[in-house]
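Read-outs throughout are calculated quantities, based only on the coordinates presented, and are distinct from any laboratory measurement. All values reported here derive from a predicted model rather than from experimental measurement. When we count neighbours, we look across all protein chains shown, and the Cβ atoms used for this are built from the backbone with ideal geometry, even at glycine.
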Amino acid sequence: MPHVSSKKLNPELLDKLLSKLLLTLGEAQNKKYLSSVVNELFSETERTMLAKRLAIILMLDSKTPQHRIVEILKVSPSTVAITSLGIEVGKYDTLLKISKKQKLDFEKIIWGILTVGGIMPPPVGKKYWKKYSK
């Protein structure tokens, strides 16, 4: 996890900085430009951490078993459990609402990972295979 300084910023300054971050990301209107901004702004570790966090949320929403998420994304069981609790209390509602449009594509990606591109049945059993083999 990226290091965060123990020296606290003035809350008003922090709020202004976060607002500027959101404005900057919002100004990156097309995908190619947004990708460049994200690559310039975040380190590889930070990008990986954010991508894994999003994947955990979407996989949990797709009813992927927690132990499978741990295996696939190489994250700790406690990370997945904490994220699952966050979903239950509505912490990620906005994110899930936004991602509903892309859910089908994400499920195809996960299906490909679980089945080695469709060659193997998924390790979670026959019931799961029937669900996604359509």
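Annotations
- Separation in nanometres of the label points that stand 7 Å from Cα toward Cβ, at residue 52 and residue 23: 3.4
- Residue 14 sits among other residues whose Cβ lies under 14 Å from its own Cβ, and their net charge, with Lys and Arg +1 and Asp and Glu -1, is +2.
- For residue 69, net neighbour charge (Lys/Arg +1, Asp/Glu -1) across residues whose Cβ lies under 12 Å away: +3
- Estimated from the Cβ-Cβ distance and a Förster radius of 30 angstrom, the FRET efficiency linking residue 100 and residue 38 is about 0.85.
- Pairs from 52/100; 63/97; 16/97; 8/91 whose Cα-Cα separation, in the structure shown, is over 21 Å: 16/97; 8/91
- Neighbourhood charge, 12 Å Cβ-Cβ cut-off, centred on residue 52 and excluding it, Lys, Arg +1 and Asp, Glu -1: +2
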